[in-house]
Amino acid sequence: MVQPLPATMQAVSVREIGSFLFERRAVPQPGPGEVLLRVTVTGLCRTDLKIIQVGHRDLVLPCVPGEEVVGEVVALGPGCDDTTLLHTRVYVYPGEWCGHCPACRAGAENLCRSMRIMGFHRNGGFADYVVAPLKSLIPLPEGLSDEQAVFAEPLSCCLNALELARLAPFETIAIWGGGPAGQLLARAASAYDALPTVIEPDLQRREPVKGVAEPPDQLFDVCVVAVGNNDAYQQALACLAPRGRLVVFSGLSKETPAVTTDFNQLHYLEQTVVGAYGCCYRHGRQAITLLQSGKLVINDLISHRMPLSRLTEALELVANRQCMKIHLYPEN
């Protein structure tokens, strides 16, 4: 027997920058081309902290945060006639793209002129239920748990960065930052037969990836900066090999967004600097396949499993760098 949906749910609401509140609200109804998901797990990342504390370029208020979402399809909107989707476990690619602008046609829907991101432009997964576009769903294979699958979003961003870096097997890659993104970048690089080195001053974050505290005396084919630090970018430029590729993975603060660059170095050594922001739908599919393959182990990266009601505590752990990956579970 199909259980009826509740009339209301708990959700986290950001109505003004600097704070959030828990509120009861009506369970949303899916529109045309949409489905309703019962959220099973949502990943917490540093971007969620930024959204709540200082805002974000792409944030539209009021909003329910949470872009790393796995859930179960429990209702279909008008025009969604595939009833086999009901009760399917899915990962949600957080973007909703137009499909016809120049970026979309070029396979870069993460740069779509009309992009609407879950947890930024539309409500995300810090709630019992969330509405998602049908085209953004990626069904989960048997044997891949929900808490493994929710890594697909941060892993997708890493796969986008490695794709833009044109990383090849047996190339060397240096990664600045041993947080969740740095860890996933290193593990994904290893899964693709590259040779990663993680630079991380914090011993607790450095040890799991056998990283180093300072950049070694060598040059790297690829350098990825996964920490918002100007000095890290200067170090990365200094460590870049001839024809090396520097990936701008983490942004810098509005107060200090500039990094001094020797363009003669880029010119004479034929080096490349490329930005990497977010991910595309295909990266989500690649991430799910990679997670299912077992080539990229992530269970040890889950440092905390907490109910959504403890979000304040979870955000403090992220702010103080006292965690790796926190998973939040609704109490529905």
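The values are calculated or read from the model by the stated rules, or taken from the named source; none is laboratory data. What you see is a predicted model; the values in this text were computed from it and never measured. As a convention, Cβ positions derive from the backbone with ideal geometry for all residues, glycine included, and neighbour counts pool all protein chains shown. What goes into the accessible areas is simple: the full protein's heavy atoms, side chains included, and nothing from ligands, DNA or RNA. Shrake-Rupley method; radii C 1.70, N 1.55, O 1.52, S 1.80 Å.
Within segment 193-212, how many residues turn out to be of a type outside the set (D, E, K, R), open to solvent by less than 40 Å² (accessible area, probe 1.4 Å) and in a loop (DSSP other than H, G, I, E, B)? Summing the residues that are of a type outside the set (D, E, K, R), open to solvent by less than 40 Å² (accessible area, probe 1.4 Å) and in a loop (DSSP other than H, G, I, E, B) in segment 193-212 gives 2.
For every residue, the table says whether it meets (1) farther than 21 Å from ARG243 by Cα; (2) touching a helix residue (DSSP H, G or I) at 6+ places or on another chain (Cβ under 9 Å); (3) modelled with pLDDT under 95.
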residue: LEU185; (1), (2), (3): no, yes, no
residue: ALA188; (1), (2), (3): yes, yes, no
residue: ARG206; (1), (2), (3): yes, no, yes
residue: ASP217; (1), (2), (3): no, no, no
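The residues of segment 249-280 that are among the hydroxyl-bearing types (Ser, Thr, Tyr) and either open to solvent by 40 Å² or more (accessible area, probe 1.4 Å) or touching a Ser or Thr at 6+ places or on another chain (Cβ under 6 Å) (or both), listed by number, are SER253, THR256, THR260, THR261, TYR268, THR272, TYR277. The residue pairs whose first member lies in segment 29-56 and is without any contact (Cβ under 8 Å) to a residue 60 or more places away in the chain, whose second member is buried (at least 18 other Cβ atoms within 10 Å of the Cβ) and acidic (Asp, Glu), and whose beta carbons are closer than 9 Å, counting only pairs six or more residues apart or on different chains, are THR47/GLU67.
Picking from residues in segment 1-41 that are open to solvent by 70 Å² or more (accessible area, probe 1.4 Å) and touching a Leu at 6+ places or on another chain (Cβ under 9 Å), the one that is nearest to HIS327 (Cα to Cα) is ARG38. Cβ-Cβ distances below 8 Å connect the following pairs, each with a first residue in segment 292-313 that is in contact (Cβ under 8 Å) with a residue 60 or more places away in the chain and part of a helix (DSSP H, G or I), a second residue that is open to solvent by 50 Å² or more (accessible area, probe 1.4 Å) and charged (D, E, K, R), and a separation of six or more residues or different chains: LEU308/GLU331; SER309/GLU331. Quick check: is even one residue across segment 61-77 of a type in the set (D, E, K, R), part of a loop (DSSP other than H, G, I, E, B), open to solvent by less than 50 Å² (accessible area, probe 1.4 Å) and modelled with pLDDT under 95? No, that holds for no residue. Apart from one condition, ALA181 fits all of (1) assigned to a loop (DSSP other than H, G, I, E, B); (2) in contact (Cβ under 8 Å) with a residue 60 or more places away in the chain; (3) among the hydrophobic types (A, V, I, L, M, F, W, C); the exception is (1). Selection within segment 141-166: residues that are open to solvent by 10 Å² or more (accessible area, probe 1.4 Å) and not in a helix (DSSP H, G or I). The member of this set that is nearest to LEU246 (Cα to Cα) is ARG166.
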